[in-house]
1. Quick one: dipole size for the stretch 269-334, taken about the Cα centre, charges +1 on Lys/Arg Cβ and -1 on Asp/Glu Cβ, in debye to the nearest 20.
2. What is the dipole size for the chain, taken about its Cα centre, with +1 at each Lys and Arg Cβ and -1 at each Asp and Glu Cβ, in debye to the nearest 20?
3. Which percent of the accessible area of the stretch 69-145 is formed by carbon and sulfur heavy atoms (probe 1.4 angstrom)?
4. Per residue, how much accessible area does the chain show when a 1.4 Å probe rolls over the protein heavy atoms, in square angstrom?
5. Once the Cβ-Cβ distance between K46 and Q302 is put in as r, and R0 is 41 Å, what FRET efficiency do you end up with, to the nearest 0.05?
6. Rounded to whole Å and ordered largest first, report the semi-axes of the equivalent ellipsoid of the stretch 233-326 derived from its Cα gyration tensor (root of 5λ).
7. Cα convex hull of the stretch 21-65: how many Å³ per residue?
8. For the stretch 29-114, state the semi-axes of the equivalent ellipsoid (square roots of 5 times the eigenvalues of the alpha-carbon gyration tensor), sorted largest first and rounded to whole angstrom.
Amino acid sequence: MTDTNILTDKYGRKHSYLRISLTERCNLRCTYCMPEHGVAVSPWGKLMSPDEVFEIAKRFVGMGVTKIRLTGGEPLVRKDFGQILEKLSTLDVELSLTSNAVIIDRYIDQLKAAGIKTVNISLDSLHPTKFKTITRRDNFDKVKQNIDKLIQEGFKVKINCVLIKGFNDNEIIDFIRYTQNNPVTVRFIEFMPFDGNRWNRDKLVSHEEILNMAFAEWSATGVERLVDEAHDTSRNYSVHGFQGSFAIISTVTNPFCDSCNRIRLTANGRIKNCLFSNSEVDLLTTFREGGDITPLVAQAIQAKAPIRGGMSTDESFSDPNNYNQNRSMIAIGG
Ligand code: SF4
């Protein structure tokens with residue numbers, strides 16, 4: 001089997017998009033991501049070093065990866081983030097970043113130098129008090145300033161907003177209206193179950209509910225359905241005349257696994273073949289022993305379930321016995 005088939009699973013899905021979590025740490029404490037009691041973080045020595053991130057990423061590029069997204073926790077809290085970015089920027093791959101934007105202003109030049117054009121920013125409320133409630137930190141103004149700065153600096157900005165019923169679903173219209181004079185894409189993400197995030201199906205705001213709100217505000221003719229990019233996890237829309245657009249990522253009510261091209265590398269060097277998969281394959285130990293990680297990658301890809309890590313039904317997906325086996329979101333990086 002040649003290297004370039006390694007990333008194709010038994011359902012014919014080619015996994016050309018690698019999401020690398022650089023750290024399990026963050027400077028925010030979002031309630032749907034970081035369990036109240038925190039998470040046990042891996043000791044520094046168990047995390048991939050900058051050289052290991054680079055070398056392992058290079059092997060994935062050799063296998064057919066064409067896009068790498070850097071995530072966390074919050075990737076920018078890693079003191080050697082700049083070093084990692086510089087190394088990865090030498091690879092023939094599209095680099096992108098997901099961040100909470102609290103300290104991103106310190107990295108604008110490095111991001112540009114590394115060729116990063118798209119940045120996804122997590123922001124779940126346009127109100128400072130609600131921001132503080134959900135992140136357990138008081139950084140709303142800094143995040144808003146930095147989003148404006150990224151737009152001014154010419155980055156393509158996508159805002160990831162996790163919707164939780166009874167908390168921020170009353171801001172859906174405000175978030176869409178924010179795209180009127182800002183060339184951003186606001187992506188509404190369905191609340192997903194992970195270890196320790198007190199997920200409950202009743203807190204879900206569905207694709208349909210979001211659209212109905214938009215139609216009520218701008219009428220069905222005022223909201224245009226856009227063409228989604230290949231492998232896009234989101235369904236995209238825009239309001240006529242608005243600079244930006246909005247999108248809906250409905251993993252719970254409308255999974256999009258049939259065209260999944262994503263695999264994940266955790267900060268401690270383990271491959272996750274699906275966001276919801278409880279099983280992981282350790283690459284870092286073999287890599288550190290000088291062994292070949294290719295067979296391990298093949299093993300992980302061939303073990304991939306068709307839908308949501310094997311939780312294909314709503315019952316299995318909503319069963320805490322299933323999702324509590326998985327990591328908490330902070331240790332996966334979305
Ligand atoms: S749930 Fe898993 S298989 Fe489905 S799209 Fe997400 S990562 Fe891919």
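The values are calculated or read from the model by the stated rules, or taken from the named source; none is laboratory data. Because the structure is predicted, anything quoted here is derived from the model rather than measured. Here the Cβ positions follow ideal geometry from the backbone for every residue, glycine too, while neighbour counts run over all protein chains shown. For the accessible areas, the whole protein counts, side chains as well, though only heavy atoms, and no ligand, DNA or RNA atoms are used. Shrake-Rupley method; radii C 1.70, N 1.55, O 1.52, S 1.80 Å.
1. 160
2. Rounded to the nearest 20 debye, it is 440 debye.
3. About 46 percent, which is the carbon plus sulfur part of the accessible surface.
4. Result: 42 Å² per residue.
5. Here the calculated transfer efficiency is 0.95.
6. The answer is 31, 19, 11 Å, longest axis first.
7. Residue-normalised Cα hull volume stands at 102 Å³.
8. 23, 17, 13
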